[in-house]
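The structure under discussion appears below in the form of structure tokens.
The values are calculated or read from the model by the stated rules, or taken from the named source; none is laboratory data. Bear in mind the structure is a predicted one, so any value in this text is a computation, not a measurement. Here the Cβ positions follow ideal geometry from the backbone for every residue, glycine too, while neighbour counts run over all protein chains shown. Just so you know, the surface numbers come from the protein's heavy atoms only, side chains and all, with ligands and any DNA or RNA stripped out. Shrake-Rupley method; radii C 1.70, N 1.55, O 1.52, S 1.80 Å.
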Amino acid sequence: MTIPSSVVILGRVYNIDQKDFIDGDLLGQCDSDALKITIKKNQPEILEADTLLHEILHAIDDAMQTKMKERQVHCTATGLLALFKDNPDFVKYMFKVVK
């Protein structure tokens, strides 16, 4: 499945780009000033999804000024992804409710 080219986060449109290399050999990066998320190319699909969710959480954190620590962002992204993966009925329910 292809990563979307953009995502709306609290009313702000973040463009999503993929690159072969990100500074410091990171898997992803969020630039809230430029409204841009960058994801490293060629990650395994589940890691790519985790990285994208991780960067989206950084964008939410920036917008909401919650000042989450990197470990909190990491654990929340990985935990949410596991929740989604292990509970497809829950995901269907949530999408139905927010439609």
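With the dipole of the chain worked out from charges on the C-beta (+1 for Lys and Arg, -1 for Asp and Glu) around the Cα centre, which of Gly11, Ile22, Gln65 lies farthest toward the positive end? Value computed over the given set: Gly11.
The trypsin sites (Lys or Arg not before Pro) found in the range 46-88 that occupy coil by DSSP, while having at most 10 further C-beta atoms within 10 Å, are Lys67, Lys69. Rounded to the nearest 500, the 222 nm mean residue ellipticity of the chain from helices alone is -16000 deg cm²/dmol, with -39,500 (n - 2.57) taken per DSSP H run of at least 4 residues.
Of the residues Lys92, Lys40, Lys19, the one with the largest accessible area comes first in the ranking Lys92, Lys19, Lys40, computed with a 1.4 Å probe on protein heavy atoms. Rounded if a/c is under 1.5, else prolate if a/b is larger than b/c, else oblate: which is the range 28-76, with a ≥ b ≥ c the root eigenvalues of its Cα gyration tensor? Here the range 28-76 falls in the oblate category. Sorting Tyr93, Tyr14 on solvent-accessible area from highest to lowest, probe radius 1.4 Å, gives Tyr93, Tyr14. Extension gain, Phe84 to Ala63, is 5.2 nm, computed as 0.36 nm per intervening residue step minus the present C-alpha separation.
Near Val7, within a Cβ-to-Cβ distance under 13 Å, what is the net charge of the other residues, with Lys and Arg +1 and Asp and Glu -1? For residues surrounding Val7, the net value is 0. Rounded to the nearest Hz, the phi-derived 3J(HN,Hα) couplings of the range 37-54 under the Karplus curve 6.51 cos²θ - 1.76 cosθ + 1.60 (θ = phi - 60°) are 10, 10, 10, 5, 5, 6, 7, x, 3, 5, 5, 4, 5, 5, 5, 4, 4, 4, where x marks glycine and proline.
About the centre of its Cα atoms, the chain shows a dipole size close to 400 debye [charges on the beta carbon of Lys, Arg (+1) and Asp, Glu (-1) only; nearest 20 debye].
Per atom type, the range 30-99 shows carbon and sulfur on 59% of its accessible surface, probed at 1.4 Å.
Of all lysines in the structure, the ones whose alpha carbon falls short of 23 Å from that of Lys85, not counting any fewer than 8 places away in one chain, are Lys40, Lys41, Lys96, Lys99. Considering only alpha-carbon pairs that sit under 8 angstrom and 6 or more positions apart, the relative contact order computed for the chain is 19 percent. Counting only protein chain heavy atoms and rolling a 1.4 Å probe, the accessible areas of His54, His74 rank, largest first, as His74, His54. Let me check against my output: what whole-number percent is the relative contact order of the range 1-49, with C-alpha pairs under 8 Å and at least 6 apart? Worked out over the range 1-49, it gives 31 percent.
Note down the nm distance, to one decimal, between modelled labels 7 Å out along Cα→Cβ at Thr76 and at Val97. Output for this residue pair reads 1.8 nm.
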